[in-house]
Every structure is written in C-alpha cells, then in structure tokens.
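Data block below; observations after.
The values are calculated or read from the model by the stated rules, or taken from the named source; none is laboratory data. None of the values given here were measured: they were computed from a predicted structure. Note that we place each Cβ from the backbone using ideal geometry, even for glycine, and neighbour counts take in every protein chain shown.
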Amino acid sequence: MKLILSDKYLDITLNNDDIKIIDLSSLKIHNCTGCFGCWTKTPGKCVIRDDATKVYPYIAKSDRVIYVSRIKYGGYDTVMKTMLERAIPIQTAFIRLHKGETHHIQRDVALKKAIIIAYGNISDEEKDVFKSLIKRNSYNMNFESYKIIFANESEIEEVVKKEVNKWEK
Amino acid sequence: MGKVMILNASPRAVKSNSKCYAQIFSKYCKIDAEYFNVSKTNHNELCEKIEQFSDILFVFPLYADSIPVTLLNFLKTLETKPQTKKPVISVIINCGFIEPQQNDIAIKIISIFCKQNGYTLGSVLKIGSGEAILQTPFKFLVELKIKKFSSSIVKRKYRVFQTTMPLSKKMFIKASTKYWTDYGKRNGVTKEQMMTMEIED
Ligand SMILES: Cc1cc2nc3c(=O)[nH]c(=O)nc-3n(C[C@H](O)[C@H](O)[C@H](O)COP(=O)(O)O)c2cc1C
C-alpha cells in the first residue's frame, strides 16, 4: 500500500489501486485532546470517531508515503499537524530503546520510505528546523528512509507526479 | 515591576501536567503571575490582555516532536495582532520520553515565531519524563529547576534549563511500562490488550 497524504486538494488522477490519495482539507478532523484513550481504553482506536479514524489505518499500512504540507515556523502547518497528532493510536503506550533513545513500540505499522513535500514561503532557518523535525519524526513514525523536497505551492502536483512515477518503475 | 502571563497550551489544559508545572511556577515566582488556559475560542481575549504583561510563559507538552496544534493556532492568531509593547516569551515544555533534548525542535519553532514577530525568547525549561515525574520522588528536581527558572525571569537573566528522572534508560522503560500498565488497569484494560497490534478493524 502507498499513501499520498496532502493538506490541500491535488489535481492528480492515478490508475493504480495500490495508491491512496487523501486530501485532509476535505475531511473533518478534531484536535487530539491528549486523553490517551487510544492506548489505555480502546487500544488502537481513537475515541473521537471522526474522519481521522479513516486516515491513520492507511498511514499504518503504507510502506511508501508522500506527505504534502505547508510549513509554518519551521514545522507542519495546522492541517497536517492535526492529523499527525491524531495518528498516535498506531503506537502503543509502551516504550522501547530505539536508536539509543526512548520511543514508543509501534503496532502493526509498515516500515516506510517517506517523501515529505514542504511548501510555502520558507526561510533557510525554517528549512533547517524542518529537516531536524523530520529526522526526529523518522524515529517515531517508522521511517526507514526519507527525502524532503521544498517546493513552491504552484509546482506541488508536478513534484508529486514525478515521485509517483519513480514508485511505479 | 514585571508581571507574568502564564498561558497553558496543553490540549487537555484543565487536567494537564502543564497545569501542575504552572502551579509550581506560580508558587516560586516572586512577581505577580496570572494563569490562563489557551482554548480554541479565547485567542482574541488573551491577545487583548498581553500588553499588560512584561513576560509571557507558555507551558505545554511536546506533541509529535513539535508544538501542539493548540499552541500553533494561538501563535498564528497572535501573529495577526501585532502588539506595541511586546512581552518576553519564556517556555516550560515537557515531553513523555526521558530525554529532555527531544524538546529541542519545539523550542526552535517558538524561537522562529519570536524572530518573525519581533518577540524576545527568554528562559526555557525542558522537562523529560514529564508525564510521570511529578508522581515520583523526583518531583523535587522539577521544583528546584522551576524555582531557578522563575528567578531567571524575575531577574531578566534568561537561561536554558532542563531536568528529567535521573534513571538509566533501561530503568526508565521499566518504570514507564508499570506506569502505563497501571493506567490501563484503572480502565479495566489489560497489558495484553494494550499491546494489541490491531489498528481500527
Ligand atoms: C498526540 C500526542 C503526541 C505526543 N508526542 C510526543 C512526542 O513526540 N515525544 C514525547 O516525548 N512525548 C510525546 N507525547 C507525550 C506528552 O508530551 C506527555 O504526555 C506530556 O506529559 C503531556 O503534557 P500535558 O499533560 O501538559 O498535556 C505526546 C502525547 C500526545 C497525546
């Protein structure tokens, strides 16, 4: 399974059932309330039964992902960040040692090759912070490898198509 | 004489660890401090009060290696309301993992907000093992650091502090496994159930 998770609508048609495109801007996703229900009450399921519950199973299953997000202050902007916070049901509460640091044990989550397409008006300092953020994310989000592409908003579809073509080879 | 506006930006502010850290801060802070929760709907109200304060103290948890959306959205509102008198922004951040450095990127994000909007970043306290430390004998370590942290704000000698449980990672993992197992038990959920590999259905 492959996933394209975007914070805006992408005008792309794919003839490949193995690739799922999710436009987060078209979904209703509440903020995580930090209740830890997904770890300690209904393990593996968020207690907020909105559209996020349809997204994190795809994040878990996919071994290749493309995340498309606007950048704010060197991190993900609200739409993507809201979804990433709501994705913690795919981890367990329990902690292990991973790359010399403490991190959560994942549930049935595929190891991922990730591509992060970051767009917006991004300064060099923000780029550096974003790169270190993705490095940290890679430990917590089961990325085996990742690539970051900084792009203009107008070229995103082009960039996504190029990366998908590489998948299909 | 300065005055501190404490803003709790935990998504579960009312029942948060951040609230406890803020209370400890208020206890030690030698100048006036007023406490507020950041909610989805009170951004404007909070922004209108900001000019009455010499310092802002954001208290919040690390969420997905970064600042929680609750805080991100508040900063985005604050950005649209330029203040003529800008308080110095200090931070108490806590994370679940034992390494306080896991908070570093969230701090950089705050520092970029400050730079882009003309605020000065003041003192920073990074707490590791922040989910559980207040319920352990190591609470005194947090108290000590918050005391020093608050005095740095009062004296305007801004600094970076950090603290965590003084345990080996192996011991921390053992302790956290017990913490979460007990948490589940209180909900009638066993450790095996909590360990399920299944996600949704
Ligand atoms: C959605 C979510 C994401 C989290 N992400 C991280 C993380 O990336 N690293 C970490 O060490 N702790 C993480 N935590 C743990 C919290 O930082 C920790 O439980 C903290 O004590 C919560 O503080 P609060 O009670 O003030 O909200 C996360 C918790 C939640 C609910």
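Within the set A:D7, A:D11, A:D18, the sole residue that is surrounded by 15 or more Cβ atoms within 10 Å (Cβ to Cβ), of a type in the set (D, E, K, R) and away from the ligand (no atom under 14 Å from the Cβ) turns out to be A:D7.
Just one of the numbered conditions (1) on the phi < 0 side of the Ramachandran plot; (2) of a type in the set (A, V, I, L, M, F, W, C); (3) in contact (Cβ under 8 Å) with a residue 40 or more places away in the chain is not true of A:F36: (1). Look at the stretch A:117-128: where a residue is surrounded by 18 or more Cβ atoms within 10 Å (Cβ to Cβ) and a partner is among the basic types (K, R), sitting 6+ places away or on another chain with Cβ atoms under 7 Å, you get A:Y119/A:R70.
Can you pull out the strands (runs of 3 or more DSSP E) entirely within the stretch B:48-128 that have at least 3 residues that are more than 9 Å from the ligand (Cβ to nearest atom) and without any contact (Cβ under 8 Å) to a residue 40 or more places away in the chain? Before the answer, list the steps.
Numbers: elements: B:55-61, B:88-94, B:121-127.
Where strands (runs of 3 or more DSSP E) fall fully within the stretch B:48-128 and carry at least 3 residues being more than 9 Å from the ligand (Cβ to nearest atom) and without any contact (Cβ under 8 Å) to a residue 40 or more places away in the chain, they are B:121-127.
With the stretch B:134-201 as the region, which helices (runs of 4 or more DSSP H) entirely inside it contain at least 1 residues that are of a type in the set (F, W, Y) and either under 24 Å from A:E101 (Cβ atoms) or at pLDDT 95 or above (or both)? Walk me through it before giving the result.
Numbers: elements: B:139-154, B:169-186, B:191-194.
Counting at least 1 such residues, we get B:139-154, B:169-186.
The residue list A:M80, A:M141 contains one member that is more than 9 Å from every other protein chain (Cβ to nearest Cβ), crowded, with 17+ Cβ neighbours inside 10 Å and within 15 Å of the ligand (Cβ to nearest atom), which is A:M80. Looking only at residues of the stretch A:100-111 that are touching a strand residue (DSSP E or B) at 6+ places or on another chain (Cβ under 7 Å) and part of a strand (DSSP E or B), we find that the one that is farthest from B:F172 (Cα to Cα) is A:Q106. Residues in the stretch B:146-201 that are of a type in the set (S, T, Y), over 30 Å from A:Y58 (Cα atoms) and crowded, with 16+ Cβ neighbours inside 10 Å: B:S150, B:S152, B:Y158, B:T163, B:T164.
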